[in-house]
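Trainee: Provided herewith is a single structure, encoded as structure tokens, for subsequent inquiry.
Rule-based calculations on the coordinates, nothing more; no lab input. Just so it is clear, the structure is predicted and the values come from calculations on it, not from any experiment. Using ideal geometry, Cβ is built from the backbone for each residue, glycine included, and neighbour counts are taken over all protein chains shown.
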Amino acid sequence: MKVLIVGSGGREHCLAWKISQSPLLKELFSAPGNAGTQFLGKNIDIKPSEIEKLADFSQKQNIDLTIVGPELPLVLGLVDEFRKRGLNIIGPDKQCAQLEASKVFAKELMHQMNIPTAEFEVFSDVKKAKEYINSQNKPLVIKADGLAAGKGVIVAENKNQALEGVKEIMENKKFGSAGDKIIIEEKLSGQEASILALTDGETIIPLLPSQDHKQAFDQDKGPNTGGMGAYAPAFVINRQTFKEVKEKILKPAIEGLKKKGCVYKGVLYAGLMLTEKGPYVLEFNVRFGDPETQAVLPLLRSNLLDIFLKISQNKLGQAEINWRPGFCVSVVLASGGYPGKYEKGKEITGIENAEKIQGVKVFYAGAKTEGRKIITSGGRVLNVSAAAETLKQAKEKAYQAVGLINFENMHFRRDIADKALKEGA
Ligand code: AMP
Ligand code: GLY
């Protein structure tokens, strides 16, 4: 098969790596890809947002299957364009992608389908939003409706912070039109976890649960990032919770979309808060998580390309999904300054040595080649994933590998998986 992967992050390198292990694969293309994907296939100079160009390329090259990493092309209608041209692609169409692109759409769907989520109100009027905040005596969370690169959420510690959040989003338009509407919701407490599920619109198969670490620094300090590391499986989600997530969250979400005329094919990602009352949805994403994917897929024993093929043929029920025993820890190595301003172009050393450690795989994200060197080209630069029998060993191996890699101003969290280790996983 000829396969195209859209995207350029660690998640896409990981998908490319896993797909490359399939005997079904003949040729792999990545658009635009990165320093990691270029060793597994051909990088094509087309951006994920260039819908027409991607469709033209697939047509010309007779691509058998396209897999999409990031949300933007999905929200822009990449799947709709491919389907219009009779091209095979995995991912939700534009309407289904609203589940991630509009928090109002997602919350309303959850409300209609009785999916557990924080109580909320929607506002498009600044004055009314402020009045509401002043009338409440509980901690609140303010969310911009649209896409804001993971930064459109303010977990307010007091009324002033909530009011300031409304001002930033609605008046100062910090996220542009993504802030035309906002959600104000109750603050939940508990541990967070992610479940990525595969679906062909009928069958739903949740993958191993994982836990991301969103804040920039140890002990969940500092600003929110795209994610600084993850581990899987996350035992904060026990068997009972896992079942509940499938029955009370994933199934009704797919059903609710179907009622709106959307057939969802691809990956549905539920970002969860595990509250005293059970799992609540913080957000839905319509794609694989990054860095969760880099912790989950190294544990997948089955043929991922065959699984994707089955999704595209509406036969996911026939797919074989087996996991290796053990755990995987994935640590993000970021550029100094990330998620704020950072410098690029720093030479990266030590990757080869790191990968000599058994069970270790380094996924490239914001990294590119320059001559024979590998240099930094983004905020999140590498994901160092390590699989081992126990979570403790996986963590030790991951950090042993991290210790061998270097670039100027490299920063990373030292506590990935610590919460679970403290709880005795
Ligand atoms: P979201 O993009 O909606 O997942 O929000 C980003 C982050 O904000 C989440 O990972 C949580 O850490 C936090 N968050 C979002 N909603 C809530 C909530 N209702 N209560 C507490 N924390 C929240
Ligand atoms: N790790 C968070 C995300 O992929 O949205």
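Trainee: Once you charge only the Cβ atoms, +1 for Lys and Arg and -1 for Asp and Glu, what is the size of the charge dipole of segment 188-231 about its Cα centre, to the nearest 20 debye? The partial results should precede the final answer.
Mentor: Values: 2 positive and 6 negative charges, 37 e Å.
It comes to approximately 180 debye.
Trainee: For segment 390-403, in order, what is each residue's ³J(HN,Hα) by Karplus, 6.51 cos²θ - 1.76 cosθ + 1.60 with θ = phi - 60°, in whole Hz (x at glycine and Pro)?
Mentor: Computed from phi, the couplings for segment 390-403 are 10, 5, 4, 5, 4, 5, 4, 5, 4, 6, 5, 5, 4, x Hz.
Trainee: Need one word for segment 189-234: rounded, prolate or oblate. Basis is the Cα gyration tensor (sqrt eigenvalues a ≥ b ≥ c); a/c below 1.5 gives rounded, then a/b vs b/c decides. Intermediate results must be reported in sequence, preceding the final value.
Mentor: Working: a/c = 2.93, a/b = 2.58, b/c = 1.13.
Judged from the Cα gyration tensor, segment 189-234 comes out prolate (a/c at least 1.5, a/b above b/c).
Trainee: While we're looking at this one, here's another question. Can you give me the Cα centroid spacing of segment 369-418 and segment 70-94 in angstrom?
Mentor: Going from one Cα centre to the other spans 33 Å.
Trainee: Something else: Taking the Cβ of Glu186 as the center, what net charge do the other residues with Cβ under 9 Å away carry, scoring Lys and Arg +1 and Asp and Glu -1? All intermediate terms of the calculation are to be shown ahead of the outcome.
Mentor: Details: positive: Lys138, Lys187; negative: Glu119, Glu185.
Surrounding charge for Glu186 is 0.
Trainee: Using the reciprocal of the averaged 1/r over all distinct C-alpha pairs, how large is the Kirkwood radius of segment 250-340 in Å?
Mentor: Numbers: mean 1/r = 0.0627 Å⁻¹.
Result for segment 250-340 stands at 15.9 Å.
Trainee: Right, something else. How big, on average over all directions, is the shadow cast by the Cα convex hull of segment 72-164, in nm²?
Mentor: Details: hull surface 29.9 nm².
Mean orientational projected area (segment 72-164, Cα hull): 7.5 nm².
Trainee: Which distance in nm do the two modelled labels at Glu27 and Glu355 give, with both placed 7 Å along the Cα-to-Cβ direction?
Mentor: My value for the distance between the label points is 2.4 nm.
Trainee: What order do you get for Cys96, Cys14 when you list them from fewest to most C-beta neighbours inside 10 Å? Walk me through the intermediate numbers first.
Mentor: Working: Cys96 26, Cys14 31.
Arranged by neighbour count, lowest to highest, Cys96, Cys14 become Cys96, Cys14.
Trainee: Let me ask something else. Once each part is reduced to its C-alpha centroid, what is the distance from segment 138-212 to segment 10-43 in angstrom?
Mentor: Centre-to-centre (Cα) distance: 31 Å.
Trainee: Related question: Cα gyration tensor of segment 109-257, axes a ≥ b ≥ c as square roots of the eigenvalues: rounded (a/c below 1.5), prolate (a/b > b/c) or oblate? Mind dumping the intermediate values first?
Mentor: Values: a/c = 1.99, a/b = 1.50, b/c = 1.33.
Prolate is the answer for segment 109-257, as a/c is 1.5 or above and a/b outweighs b/c.
Trainee: Cα to Cα, under 13 Å, and not fewer than 8 places away if on the same chain: which aspartates and glutamates meet these conditions relative to Lys361?
Mentor: Excluding near neighbours in sequence, the set is Glu352.
Trainee: Still on this structure, I have one more. List, in order, the whole-Hz ³J(HN,Hα) value for each residue of segment 226-233 obtained from phi through the Karplus relation with A = 6.51, B = -1.76, C = 1.60 and θ = phi - 60°; use x for Gly and Pro.
Mentor: Using θ = phi - 60°, the values come out as x, x, 9, x, 8, 9, 8, x Hz.
Trainee: Continuing with the same structure: Given Pro116, Phe412, Ala129, which one lies farthest toward the positive end of the charge dipole of the chain, if we put +1 on the Cβ of every Lys and Arg and -1 on the Cβ of every Asp and Glu?
Mentor: Phe412
Trainee: List the pair-distance distribution P(r) of segment 36-100, using every Cα-Cα distance, as the percent of pairs falling in each 5 Å bin from 0 up to the bin containing the longest distance, rounded to whole percents.
Mentor: Each 5 Å bin holds this share of Cα pairs: 3, 18, 29, 26, 15, 7, 2.
Trainee: If you project the alpha carbons of segment 112-177 onto their three principal axes, what span does each projection cover, largest first, in Å?
Mentor: Taking max minus min along each principal axis of the Cα atoms, segment 112-177 gives 34, 27, 21 Å.
Trainee: Please report the orientation-averaged projected area of segment 199-265, defined via the convex hull of its C-alpha atoms, in nm². Write out the running numbers ahead of the final one.
Mentor: On the way: hull surface 23.3 nm².
About 5.8 nm², averaged over all directions.
Trainee: Still on this structure, I have one more. Of the options Ser20, Ile51, Ala31, report the single residue whose Cα projects farthest towards the positive end of the charge dipole of segment 3-52 (beta-carbon charges: Lys, Arg +1; Asp, Glu -1).
Mentor: Ser20
Trainee: Taking a ≥ b ≥ c as the square roots of the Cα gyration tensor eigenvalues, with a/c under 1.5 meaning rounded and otherwise prolate when a/b beats b/c, else oblate, which class fits segment 156-197? Please list the in-between numbers first.
Mentor: Numbers: a/c = 3.19, a/b = 1.46, b/c = 2.19.
Verdict is oblate for segment 156-197.
Trainee: From the P(r) of segment 325-425, could you give the percentage of C-alpha pairs in the tail past 24 Å? Don't skip to the answer; put the middle values down first.
Mentor: Numbers: 1156 of 5050 pairs.
Of all Cα-Cα distances in segment 325-425, 23 percent exceed 24 Å.
Trainee: Amide H neighbours of Lys346 under 5 Å, at least 5 residues apart or on other chains, H built in the peptide plane: list them.
Mentor: Thr376
Trainee: Which ordering of Ser302, Ser30, Ser385 is given by a fewest-first count of other beta-carbon atoms within 10 Å?
Mentor: By the 10 Å Cβ count, ascending, the order reads Ser302, Ser30, Ser385.
Trainee: Let me ask another. Cut-off is 10 Å between beta-carbons; in what order do Arg324, Arg413 appear when sorted fewest neighbours first? Intermediate values should be presented prior to the final figure.
Mentor: Values: Arg324 12, Arg413 22.
So the ranking, lowest neighbour count to highest, is Arg324, Arg413.
Trainee: Pull out the extension gain between Lys174 and Asn134, defined as 0.36 nm times the separation in residues minus the alpha carbon to alpha carbon distance; nm, one decimal. Kindly include the intermediate steps, with their values, before the conclusion.
Mentor: Working: separation 40, 0.36 × 40 = 14.40 nm, distance 2.22 nm.
Gain in length upon complete extension: 12.2 nm.
Trainee: Could you work out the local net charge near Glu202, counting Lys and Arg as +1, Asp and Glu as -1, over the other residues with Cβ closer than 12 Å to its Cβ?
Mentor: On the way: positive: Lys251, Lys258, Lys265, Lys310, Lys315; negative: Asp200, Glu255.
That sum, taken over residues with Cβ under 12 Å, equals +3.
Trainee: May I pose another question? Near the amide H of Glu283, under 5 Å away, which other amide H atoms are found, from residues 5 or more places off or on another chain, if H is placed in the peptide plane?
Mentor: Gly271
Trainee: Treat every Asp and Glu Cβ in segment 167-258 as -1 and every Lys and Arg Cβ as +1, leave all other atoms uncharged, and give the resulting dipole magnitude about the Cα centre to the nearest 20 debye. Intermediate values should be presented prior to the final figure.
Mentor: Working: 13 positive and 14 negative charges, 8 e Å.
About 40 debye.
Trainee: Ranked from highest to lowest mean number of other Cβ atoms within 10 Å per residue, what is the order of the peptides 17-27, 143-153, 125-135? The partial results should precede the final answer.
Mentor: Values: 17-27: 16.2, 143-153: 19.5, 125-135: 14.1.
My ranking of the peptides, most packed first, is 143-153, 17-27, 125-135.
Trainee: Let me ask another. What's the local net charge at Ala367, with K and R +1, D and E -1, over the other residues with C-beta under 11 Å away?
Mentor: Every neighbour counted, the sum reads +3.
Trainee: Which translational diffusion coefficient, to the nearest whole µm²/s, is obtained for the chain from the Stokes-Einstein equation, given a Kirkwood hydrodynamic radius over C-alpha pairs, 4 °C and 1.567 mPa s? Walk me through the numbers on the way to the answer.
Mentor: Values: Rh = 21.9 Å.
For these conditions, the coefficient is 59 µm²/s.
Trainee: Here is a follow-up. Magnitude of the Cβ-charge dipole of the chain, K/R +1 and D/E -1, about the Cα centre, nearest 20 debye? Please report the intermediate quantities before stating the final value.
Mentor: Working: 59 positive and 51 negative charges, 73 e Å.
The calculated dipole for the chain is roughly 340 debye.
Trainee: Could I ask something else about it? Within the set Lys84/Lys174; Lys53/Lys107; Lys368/Lys395, which residue pairs have Cα atoms separated by over 30 Å?
Mentor: Working: Lys84/Lys174 35 Å; Lys53/Lys107 33 Å; Lys368/Lys395 26 Å.
The answer is Lys84/Lys174; Lys53/Lys107.
Trainee: Given 4 °C and 1.567 mPa s, how large is the Stokes-Einstein diffusion coefficient of segment 276-320 in µm²/s, with Rh as the Kirkwood radius over Cα pairs? Display every interim value, and only then the final one.
Mentor: Working: Rh = 12.9 Å.
Estimated diffusion coefficient is 101 µm²/s.
Trainee: Which entries of Lys251/Lys315; Lys151/Lys341; Lys130/Lys221 have Cα-Cα distances beyond 19 Å here?
Mentor: Details: Lys251/Lys315 17 Å; Lys151/Lys341 15 Å; Lys130/Lys221 28 Å.
Where the Cα-Cα span goes over 19 Å, the pairs concerned are Lys130/Lys221.
Trainee: In the chain, which Cys residues have no partner Cys with a Cβ closer than 4.7 Å?
Mentor: Taking the Cβ cut-off of 4.7 Å, the unpaired cysteines of the chain are Cys14, Cys328.
Trainee: Here's another thing I want to ask about it. Given Leu309, Val281, Thr390, which one lies farthest toward the positive end of the charge dipole of the chain, if we put +1 on the Cβ of every Lys and Arg and -1 on the Cβ of every Asp and Glu?
Mentor: Going by the charge dipole, the pick is Leu309.
Trainee: Please provide three numbers in whole Å: the alpha-carbon extents of segment 1-150 along the principal axes, with the largest listed first.
Mentor: 61, 31, 28
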